[in-house]
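Structure first, then comments.
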């Protein structure tokens, strides 16, 4: 029965554009799977990761991962992905660092976790720190579905990093010239930037009124990595 319900959950989570209702449905299905087979670890891990892609479902992601942790108390992946969720979904580097430090103390954990935990605590919400974290863990993830989620998150972080760089450059241009640029290429012509970064999803960065920049492929920015 757990396998049958999990097959339905996989179909729901395979949608390219999940709605809020899809995330709610996935959360319910993962809990049903856990009721039938609490030792089946893949639904906790993948379900938690996918739920965490919706900031409105971060608490559900933590509950799923917490339930997995209770069923698998010595599996370092559960506190690790709890830390991941705190960092990337809730913007809480303190709780993230503590959870990943807990993962580092469990048998079989990757040797780089302790340094990741300390960097997460010290550099907090910096996109470069987040990118370094993701680029370290994504190649180590053996499950293709979970690795795909991490690789998608890498692209989102790259976009947020680039948007911050471009918006700072637009402001420098404004201070230097007294007006906003008409287009992003003006930043290169004026010598403010050496080049416009490539959008990692194959799209373009677009300049909007008031100096804001957006990607034509990413609908929402990663709020948890934006400066406060």
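The values are calculated or read from the model by the stated rules, or taken from the named source; none is laboratory data. Because the structure is predicted, anything quoted here is derived from the model rather than measured. Cβ atoms come from the backbone with ideal geometry, glycine included; neighbour counts cover every protein chain shown.
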What's the total number of residues in segment 138-159 that are within 23 Å of residue 108 (Cβ to Cβ), in contact with a helix residue (DSSP H, G or I) (Cβ under 7 Å, 6 or more places away or on another chain) and part of a helix (DSSP H, G or I)? 6
I'd like to verify a number: residues in segment 32-90 that are assigned to a helix (DSSP H, G or I) and in contact (Cβ under 8 Å) with a residue 60 or more places away in the chain, how many? 8
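Provide a single number: the residues in segment 18-31 that are closer than 15 Å to residue 1 by Cα, in contact with a helix residue (DSSP H, G or I) (Cβ under 7 Å, 6 or more places away or on another chain) and without any contact (Cβ under 8 Å) to a residue 12 or more places away in the chain. Even if it seems obvious, please write down each step before you answer.
Here is the first cut: in segment 18-31, the residues closer than 15 Å to residue 1 by Cα are 28-31.
If we keep only those that are in contact with a helix residue (DSSP H, G or I) (Cβ under 7 Å, 6 or more places away or on another chain) as well, we get 29-30.
Next, only the ones that are without any contact (Cβ under 8 Å) to a residue 12 or more places away in the chain stay: none.
Result for segment 18-31: 0.
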Output the number of the condition that residue 140 fails; it satisfies all remaining conditions of (1) under 13 Å from the mean Cα position of the chain (by Cα); (2) under 27 Å from residue 77 (Cα atoms). (1)
Members of segment 194-222 that are within 18 Å of residue 88 (Cβ to Cβ) and surrounded by fewer than 12 Cβ atoms within 10 Å (Cβ to Cβ): 219, 220
Considering only segment 7-25, how many residues are closer than 16 Å to residue 61 by Cα and assigned to a loop (DSSP other than H, G, I, E, B)? 2
Residue 131 vs (1) at pLDDT below 85; (2) within 12 Å of the chain's Cα centre (by Cα): all pass except (1)
Of all residues in segment 100-122, how many are assigned to a helix (DSSP H, G or I) and loosely packed, with under 15 Cβ neighbours inside 10 Å? 3
